[in-house]
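The block underneath contains the structure these notes are about, expressed in structure tokens.
The values are calculated or read from the model by the stated rules, or taken from the named source; none is laboratory data. A quick note: this is a predicted structure, and the numbers were derived from the prediction, not measured. Note that we place each Cβ from the backbone using ideal geometry, even for glycine, and neighbour counts take in every protein chain shown. Side chains included, ligands, DNA and RNA excluded: accessible areas come from the protein's heavy atoms. Shrake-Rupley method; radii C 1.70, N 1.55, O 1.52, S 1.80 Å.
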Amino acid sequence: MNGSRYFLNPLALGYLLVVAAVVGWVGVDALFVEHADASLAGVWAFLVTAPASLLFVMLPGALAWAGIVVGALVNAAVLGAAYQKVSGRRLRPTA
């Protein structure tokens, strides 16, 4: 079975686009916006990729941020599988 079919549909791609936009916003906020106090913008990256990313929050250093990538991919695969199921599109073998 080809696993990419779960990622190459409008629902999964739209979700990944939203995640990329939020992570981009978090990056811009962290690099270019000065805050008098701490910013909680980074929390949004974990929220849009929850629940899988929340398993990584307690890991040290950069491993916590790997949870965003893992969470986005897991959630996109689940959304893609649901889209496949609901839309009724199946891969049909050719003669």
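Residue count for segment 17-43 under the criterion of being open to solvent by 50 Å² or more (accessible area, probe 1.4 Å) and within 15 Å of A72 (Cα to Cα): the result is 6. Does F46 count as exposed (fewer than 11 other Cβ atoms within 10 Å of the Cβ) and of a type in the set (F, W, Y)? No. Of all residues in segment 69-95, exactly one satisfies the criterion of being within 13 Å of L11 (Cβ to Cβ), hydroxyl-bearing (S, T, Y) and modelled with pLDDT under 90, namely S87. For segment 61-86, a residue qualifies if it is open to solvent by 50 Å² or more (accessible area, probe 1.4 Å) and either on the phi > 0 side of the Ramachandran plot or not aromatic (F, W, Y) (or both), and the qualifying residues are G61, A62, L63, V69, V70, L73, V74, V78, L79, K85, V86.
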